[in-house]
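In what follows, a single structure is set out as structure tokens and then discussed.
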Amino acid sequence: MVKCLVWDLDNTLWQGTLLEDPEVRFVPELRETLAELDARGILNSVASKNDHDHAWAQLERLGIAEYFVLPQIGWGPKSRSVRRIADELNFALGTIAFIDDQPAERAEVLHSLPEIRAYPAEQAAGLTARPEFSPATVTVDSRRRRSMYQASFRRDAERADFTGPDADFLRSLDIRMRITRATPEELSRVEELTLRTSQMNATGVHYGEDDLRALIDDPGHEVLTVSVTDRFGPYGAVGVVLLQRCPGTWRIKLLATSCRVVSLGAGSAILRWLTDQAYRGGVHLNADFKATERNRMMEVAYRFAGLTDAPCPCQTVLDRAEDISGLHLVPSPQPASDTLHLTAPDLAPAALPERTP
């Protein structure tokens, strides 16, 4: 799926050349395209060879400037602009699309960034009908994704100006993390997380809504969602944990978190809470892991939390696929985080099912 569409301006978003023509004409249908992509949670950005102030003023006059995040307006190669947008958003290049009226510009971008998708300008109005721009579900978080990213840019700017230890800055944010058991009404948001996360996804396995519904109804499983807010606003649903209760051990079948909360220490906070809960429940902790091209950070988080390759008899009850490796931990009590406030259910008292997976 496309996560961000990068627009050229002249003769693409509007008809005419801003620095040459007395007036440019904005096609009304493209306002609908921008609004629809935005509502689906697909970000819009700009890569244009233009005078920045002049072009941005034109976008404001048209009443569409608010739709664009991280606009790159200048005179450098557009491939460099597209790369900068992807890097700032922390998106894989395969989730970026680019639209431009000039074949030479599309070729330049594709030569440097062959993973992205490029479209000619005449296809702009029809993009919302294409499958790669049509997510299966549109959640509450999808509809407010742009505002959440814009808040994150303000947060990052304040962080860059902050003097002092990073922990002090995190404490200044008044971070509130909430872990809850998923409800049937939230399954579309959970499914979206398993699809959209890649760097902080322990296995890369996609769980569809039907799969998740079955796990919610199974007393041997926990489907947990993680949401975060701070003084800049909500991050929305940023994590999912699929936990299986087995005799003598709890198995993390999936842990996935949004890259937007990595710098907050969200993954570490979740793992500390799970470790503490397993200790209170008197069980070991196991975690499924499958290395991918992008989830090295997830492995580092698991290792930092104390999960290792050390074998343990408790793993004999776990039936893993051949391409899934297992990490193991004998849990110990964990202190509460001093940089965020966590609200979460107590998993420990629940009885273990008398059956193997």
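The values are calculated or read from the model by the stated rules, or taken from the named source; none is laboratory data. Note that the structure is predicted; figures quoted are calculated from it, not measured. Counting neighbours? That spans all protein chains shown, and the Cβs are built from the backbone with ideal geometry, glycine included. Accessible surface is based on the protein model in full, side chains and every heavy atom, while ligands, DNA and RNA are left aside. Shrake-Rupley method; radii C 1.70, N 1.55, O 1.52, S 1.80 Å.
Running Debye on segment 1-142 with equal point scatterers at the Cα sites and no solvent, what base-10 log of I(q)/I(0) appears at q = 0.21 Å⁻¹? Evaluating at q = 0.21 Å⁻¹ gives log10 I(q)/I(0) of -1.43. Considering only alpha-carbon pairs that sit under 8 angstrom and 6 or more positions apart, the relative contact order computed for segment 222-304 is 23 percent. Taking all protein chains together and rolling a 1.4 Å probe, Val140 ends up with roughly 70 Å² accessible. As a ratio to 2.2 N^0.38 Å, the alpha-carbon radius of gyration computed for segment 80-174 takes the value 1.42.
Of all DSSP-defined beta bridges confined to the chain, some 55% are antiparallel rather than parallel. Rounded to whole numbers, the Karplus 3J(HN,Hα) couplings from phi for segment 247-252 are x, x, 7, 10, 10, 7 Hz, using 6.51 cos²θ - 1.76 cosθ + 1.60 with θ = phi - 60°, and x at Gly and Pro. Normalised by the number of residues in segment 172-282, the mean separation of alpha-carbon contacts (under 8 Å, six or more apart) gives a relative contact order of 26 percent. Cα centroid separation, segment 98-127 to segment 165-197: 34 Å. Seen from Tyr149, the other residues with C-beta closer than 12 Å to its C-beta sum to a net charge of +3, counting Lys and Arg as +1 and Asp and Glu as -1.
For segment 202-272, the alpha carbon convex hull comes to 104 Å³ per residue, rounded to a whole number.
Where does each of Met177, Met1 land when they are ordered by accessible area, with a 1.4 Å probe and the largest first?
Putting Met177, Met1 in descending order of accessible area: Met1, Met177.
Within segment 1-72, the GluC sites (Glu not before Pro) that combine a DSSP coil assignment with at most 14 other C-beta atoms in a 10 angstrom radius are Glu20, Glu23. Only Cα pairs under 8 Å and 6+ residues apart enter the sum, and on that basis the relative contact order of the chain stands at 14 percent.
Residues whose amide H falls under 5 Å from that of Ile175, counting only those 5 or more places apart or on a different chain, are His341, with hydrogens built in the peptide plane.
Taking the C-alpha atoms only, the angle from helix 78-89 to the longest principal axis of the chain is near 30 degrees. Note on segment 318-333 and segment 201-251: Cα centroid distance 17 Å, given to the nearest whole angstrom.
Quote the Stokes-Einstein diffusion coefficient, in whole µm² s⁻¹, for segment 138-204, based on the Kirkwood radius over alpha carbon pairs, a temperature of 37 °C and a viscosity of 0.692 mPa s. Spell out each step's value before the answer.
Details: Rh = 14.7 Å.
Roughly 224 µm²/s, to the nearest whole number.
Restricting attention to the chain, the count of lysine pairs at 8 or more positions apart or across chains with alpha carbons under 28 Å apart stands at 6.
Leu127 sits among other residues whose Cβ lies under 15 Å from its own Cβ, and their net charge, with Lys and Arg +1 and Asp and Glu -1, is -3.
Scaled to the globular estimate 2.2 N^0.38 Å, the Cα spread of the chain, given as radius of gyration, is 1.11.
One compactness figure for segment 1-82 is 1.04, namely its Cα radius of gyration divided by 2.2 N^0.38 Å.
With the helix formula -39500 (n - 2.57) applied to DSSP H stretches of n ≥ 4, the chain reaches a computed 222 nm mean residue ellipticity of -9500 deg cm²/dmol.
Does segment 118-258 classify as rounded, prolate or oblate by the C-alpha gyration tensor (a ≥ b ≥ c root eigenvalues; a/c under 1.5 gives rounded; else a/b over b/c gives prolate, otherwise oblate)? It comes out oblate by the Cα gyration axes. For Asp21, the solvent-accessible surface with a 1.4 Å probe is about 60 Å², rounded to the nearest 10.
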